[in-house]
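Student: This structure is in structure tokens; I'll ask about it shortly.
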Amino acid sequence: MARRDPHSYTDDTQAQTDSFSLKAGVDFASRTIAAEVVLTFKAPSSGTLDLDTRDLVIEHVEDASGQTLPFVLHPAEPYLGQRLTIEMSAQTPSIRIRYKTSPEASALQWLEPAQTKGGAKPFLFSQCQAIHARSIIPMQDTPRLRVTYTAELAVPRDLAVVMAAADRGRSETGEVAHHRFEMPQAIPPYLFAFAVGDLTSRDLSPRCRVWAEPSVVESAAWEFADVEAMIGQAEALFGPYDWERFDILTMPPSFPYGGMENPRLTFLTPTVIAGDRSLVSVVAHELAHSWTGNLVTNANAEHFWLNEGFTMYAERRIVEALDGVEMATLQAALGRRELDESLERFADRPAMTKLRTHLDGVDPDECYSLIPYEKGYMFLCEIERVVGRQAFARWLRSYLDTFRFGAITTEEFEAHIEAALPGALDKANARAWIDGEGVPASAKPQTSARLSSIELLASSGNVPTAAQTKGWTPIEWALYLESVPRPAPAALCQGLDDTFKLTASTNFDVLVPWLTLALKSGYTAVMPRVEQVVAEVGRMKYLRPLYTALAANPALRETAVQLLAKNSASYHPIARQMVDGVLKTSRSSS
Ligand code: BES
Ligand code: ZN
């Protein structure tokens with residue numbers, strides 16, 4: 001037996017899935033999907049096959065000749081789910097499994113009409129990364145095994161279906177619509193994705209379209225209007241875009257992430273629609289994954305930094321090309337602060353601060369943080385610094401070329417770069433970055449004139465003047481607010497709010513750092529706005545600091561517990577688990 005992914009029962013001595021074909025009926029009333037999937041192997045196989053499942057009801061398994069196959073659904077293990085063992089007595093090119101999902105399927109969020117903008121129709125979406133695809137499809141749920149697929153979804157006729165795949169047409173019979181899709185490019189299972197709801201679209205360019213609820217679609221189309229130019233820049237940096245289309249789906253506010261790089265159809269939080277295109281670096285990030293992550297994929301969650309660290313690097317190269325080096329540097333500086341916060345959060349679990357982690361017995365959602373993102377980014381910048389930008393760019397292209405449509409480990413990355421740029425890893429102090437905890441002392445700090453002036457203002461303790469903040473982008477505001485020493489005096493909080501109306505800000509990247517600073521400073525006049533934000537938005541980037549600040553204040557802890565109780569039903573299960581964790585940790589440390 002050979003299991004190479006700590007988060008999958010996939011055994012690489014057994015049959016390997018090459019493609020799947022899914023037929024699924026979506027039932028909003030019971031919050032379940034009734035489905036049949038055919039898993040086709042790379043070569044006809046027999047013997048034992050272990051699949052990943054989570055909360056699935058397995059009804060029937062048969063081989064390609066229609067022969068019923070015996071199976072065992074093993075007891076559930078925390079977060080991994082249940083191993084499904086199938087015995088294939090004779091050689092078969094494929095197996096067919098009939099099953100149902102559970103209303104608790106961890107990859108799915110079923111929204112009531114009231115949780116959407118329109119308020120009239122329900123919504124359903126999937127979020128499979130890191131290991132939730134198994135709660136929708138019984139499969140070998142490891143990124144090492146790439147698959148192509150076809151899918152046919154049956155949904156209520158008045159709802160649209162979108163999928164991270166090519167649209168192959170829709171037919172309607174009675175109250176039901178059947179929508180067909182095909183994914184011709186092989187993907188790791190965590191990139192399987194779809195959504196069902198009251199959705200409409202606007203074309204942004206021949207290969208880009210934005211999907212959103214009707215009342216949001218115009219503002220979304222405006223916010224993302226420049227996406228084609230972004231793809232052009234990315235192609236100039238990293239090579240041709242290999243996924244044909246780059247569509248964007250604007251998610252309901254409960255979407256727990258900023259974005260998810262589902263191929264052909266990036267999922268984006270509606271909080272990036274700030275009305276001024278100031279937060280579109282999230283689009284650059286998800287687009288960049290089309291190369292780093294979706295083409296070259298981490299072999300499992302222990303190498304997650306290969307996805308996210310490379311993508312932060314690529315994102316900031318795109319931002320630099322479009323908005324200049326200063327903007328990219330400011331974003332990196334903000335990232336550096338967020339990295340320090342994350343390192344602090346993991347102070348009692350320092351092993352989680354390595355780039356290359358060891359995750360036997362660890363739930364990938366539970367150890368999610370910005371560390372692989374920002375530490376990975378810094379490491380790659382360090383290599384770039386020691387070899388020079390040109391040589392690094394050349395290596396990056398050959399790395400993407402060598403491993404395209406593959407999955408790799410940190411060790412494979414190391415071997416590749418060592419062969420191409422001998423000595424570069426040593427010079428960049430790679431061992432300390434990869435296997436060491438925290439940030440190596442050798443790390444070179446990022447500097448920028450705009451950053452220094454912001455830091456100076458923040459440390460002065462005075463309310464800046466309108467002239468001093470003239471032309472500040474939301475990034476600069478966020479940097480300023482994160483740099484103000486806390487607790488900030490009441491007069492400073494009051495002055496900031498009076499002068500700049502921060503509590504009324506609708507840009508969450510400014511609003512949330514402000515509310516967090518205010519809470520940590522005991523400036524409780526912001527509480528009604530905090531309550532509003534945690535009720536309206538489910539993005540973890542915003543929920544985490546707000547709940548953490550509430551829980552850290554003995555006078556507000558009980559309020560935090562009540563707010564969670566009140567809003568928990570509308571949070572995505574992953575976000576709920578995260579906030580639960582925040583409130584528990586603060587209890588044990590207080
Ligand atoms: N792939 C991630 C989101 C993710 C990671 C989902 C791990 C589940 C497990 C996505 O590309 C991402 O990094 N999103 C960031 C965007 C940001 C860094 C611009 C987020 O959600 O904050
Ligand atoms: Zn990412």
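The values are calculated or read from the model by the stated rules, or taken from the named source; none is laboratory data. Just so we're clear, the structure is a prediction, and the values are computed from it rather than from any experiment. Note that each Cβ is placed from the backbone with ideal geometry, even for glycine, and that neighbours are counted across all protein chains shown. What goes into the accessible areas is simple: the full protein's heavy atoms, side chains included, and nothing from ligands, DNA or RNA. Shrake-Rupley method; radii C 1.70, N 1.55, O 1.52, S 1.80 Å.
Student: R0 = 35 Å: FRET efficiency of R404 with R587, Cβ-based, nearest 0.05?
Tutor: Working from the Cβ atoms, E equals 0.15.
Student: Heavy atoms only, 1.4 Å probe, whole protein assembly: order E414, E104 by accessible area, highest first.
Tutor: Of E414, E104, the descending order of accessible area is E104, E414.
Student: Loop-only trypsin sites (Lys or Arg not before Pro) in the stretch 385-443, please: DSSP not H, G, I, E or B, and at most 14 other Cβ atoms within 10 Å.
Tutor: Sparse-neighbourhood loop trypsin sites (Lys or Arg not before Pro): R404.
Student: Hey, another quick one. Charges only on Cβ, +1 for Lys and Arg, -1 for Asp and Glu: so what's the dipole of the chain about the Cα centre, in debye to the nearest 20?
Tutor: The calculation lands at about 640 debye.
Student: Sticking with this one: Only four residue types carry charge here, +1 at the Cβ of Lys and Arg and -1 at the Cβ of Asp and Glu. Report the dipole size of the stretch 426-526 about the Cα centre in Debye, rounded to the nearest 20.
Tutor: Using Cβ point charges on Lys, Arg, Asp and Glu, the stretch 426-526 gives about 140 debye.
Student: Between rounded, prolate and oblate, where does the stretch 249-305 land on the alpha carbon gyration tensor, with a ≥ b ≥ c its root eigenvalues, rounded for a/c under 1.5, else prolate if a/b exceeds b/c?
Tutor: prolate
Student: So what are the three principal axis dimensions of the stretch 126-237 from its Cα atoms, in whole Å, longest to shortest?
Tutor: Extents along the principal axes: 44, 39, 21 Å.
Student: Okay, moving on. Against the longest alpha carbon principal axis of the chain, how many degrees, from 0 to 90 and to the nearest 10, is the axis of helix 508-520 turned?
Tutor: Here the helix axis deviates by roughly 60 degrees.
Student: Can I ask one more? For V282, V526, give me the order by solvent-accessible area with a 1.4 Å probe, most accessible first, ignoring ligands, DNA and RNA.
Tutor: Sorted by accessible area, descending: V282, V526.
Student: Let me ask something else. In the full protein assembly as shown, how much of F403 is accessible to a 1.4 Å probe, in Å² to the nearest 10?
Tutor: Roll a 1.4 Å probe over it and F403 shows about 40 Å².
Student: Sticking with this structure for a sec: Mind jotting down the distance between the C-alpha centroids of the stretch 413-432 and the stretch 444-487, whole Å?
Tutor: Value for the Cα centre distance between the two parts: 36 Å.
Student: Over the heavy atoms of C128, what accessible area does a 1.4 Å probe trace out, to the nearest 10 Å²?
Tutor: Approximately 0 Å² for this residue.
Student: Where the centroid of each part is defined by its Cα atoms, how far is the stretch 8-38 from the stretch 521-587 in Å?
Tutor: Using only Cα atoms, the two centres lie 35 Å from each other.
Student: Another question, if that's okay. Find the relative contact order for the stretch 77-229 and round it to a whole percent, using C-alpha pairs within less than 8 Å whose residues are 6+ positions apart.
Tutor: 20 percent
Student: Sorted by average packing, counted as other Cβ atoms within 10 angstrom per residue and highest first, what order do 189-202, 107-120, 239-252 take?
Tutor: Order by mean packing, descending: 189-202, 239-252, 107-120.
Student: Got a sec? Which residues in the stretch 243-272 would a label at E235 touch, if it sits 7 Å along Cα→Cβ and we count backbone N under 13 Å?
Tutor: Once the point is set 7 Å along Cα→Cβ of E235, 243-246 turn out to lie under 13 Å by backbone N, inside the stretch 243-272.
Student: Explain nothing, just the number: relative contact order of the chain, from Cα pairs under 8 Å at least 6 residues apart, as a whole percent.
Tutor: The value is 10 percent.
Student: Where q = 0.22 Å⁻¹, what log10 of I(q)/I(0) comes from the Debye formula for the stretch 450-590, counting one point per Cα?
Tutor: Each listed q maps to, in turn, -1.33.
Student: What shape does the stretch 1-88 have by the C-alpha gyration tensor, where a ≥ b ≥ c are the square roots of the eigenvalues, rounded means a/c under 1.5, and otherwise prolate means a/b greater than b/c and oblate the rest?
Tutor: Oblate shape, in that a/c is at least 1.5 and b/c is the bigger or equal ratio.
Student: Now for a different question. Given the Cα-Cα distance of Q494 and S278 and 0.36 nm per residue of separation, how much length would full extension add, in nm?
Tutor: 75.2 nm is the gain from fully extending Q494 to S278.
Student: How big is the antiparallel share of DSSP beta bridges in the chain, given as a percent to the nearest 5?
Tutor: 80 percent
Student: Over the stretch 97-162, what is the relative contact order in percent, taking alpha-carbon pairs closer than 8 angstrom and at least six residues apart?
Tutor: Over the stretch 97-162, the number comes to 25 percent.
Student: Under a crude label model (7 Å from the Cα following the beta-carbon direction), how far is D323 from R385 in nanometres?
Tutor: Between D323 and R385, the simple spin-label model gives 2.3 nm.
Student: Need one value: the accessible area of I371 in square angstrom, 1.4 angstrom probe, rounded to the nearest 10.
Tutor: Ignoring ligands and nucleic acids, I371 comes out at about 0 Å².
Student: If you don't mind, there's one more thing I want to ask. Would you mind getting me the FRET efficiency between D426 and T173? Use the beta-carbon distance for r and R0 = 56 Å, nearest 0.05.
Tutor: So, using R0 = 56 Å, E works out to roughly 0.30.
Student: If you don't mind, there's one more thing I want to ask. Given Cβ point charges of +1 (Lys, Arg) and -1 (Asp, Glu) and nothing else, what value in debye, to the nearest 20, does the dipole of the stretch 385-443 about its Cα centre take?
Tutor: 420 debye
Student: How do D50, D226, D426 stack up against each other in accessible area, from largest to smallest, with a 1.4 angstrom probe?
Tutor: D426, D226, D50
Student: Further question: So what's the gap between the Cα centers of the stretch 357-409 and the stretch 162-186, to the nearest angstrom?
Tutor: 34 Å
Student: Averaged per residue, what accessible area in Å² does the chain show with a 1.4 Å probe, protein chains only?
Tutor: Per residue, the chain has an accessible area of 38 Å².
Student: May I ask you to give the percent of accessible area on the chain that is carbon plus sulfur, with a probe radius of 1.4 Å?
Tutor: 53 percent
Student: Counting other Cβ atoms within 10 Å of each Cβ, which GluC sites (Glu not before Pro) in the stretch 160-203 have at most 15 and sit in a DSSP loop?
Tutor: Qualifying residues, ordered by number: E175.
Student: Return the ratio Rg/(2.2 N^0.38 Å) for the chain, where Rg is computed over Cα atoms only.
Tutor: My calculation over the Cα atoms of the chain gives 0.97.
Student: For the pair R486/K470, report the inter-label distance in nm, with labels modelled 7 Å from Cα in the Cβ direction.
Tutor: Here the answer is 3.1 nm between the modelled labels.
Student: Give the shape of the stretch 355-452 as rounded, prolate or oblate, defined through the alpha-carbon gyration tensor: a ≥ b ≥ c are the square roots of its eigenvalues, a/c under 1.5 means rounded, and otherwise the shape is prolate if a/b is larger than b/c and oblate if not.
Tutor: Verdict is oblate for the stretch 355-452.
Student: Now for a separate question. Which value in nm describes the separation of the simple spin-label points at K501 and A565, placed 7 Å from the Cα toward the beta carbon?
Tutor: 3.7 nm
Student: Trypsin sites (Lys or Arg not before Pro), restricted to the stretch 475-579: which are DSSP loop and have at most 12 other Cβ atoms within 10 Å?
Tutor: Listed in order of number, the matching sites are K501.
Student: For D242 and T447, FRET efficiency with R0 = 35 Å and r from the beta-carbon atoms, rounded to 0.05?
Tutor: Calculated value: 0.45.
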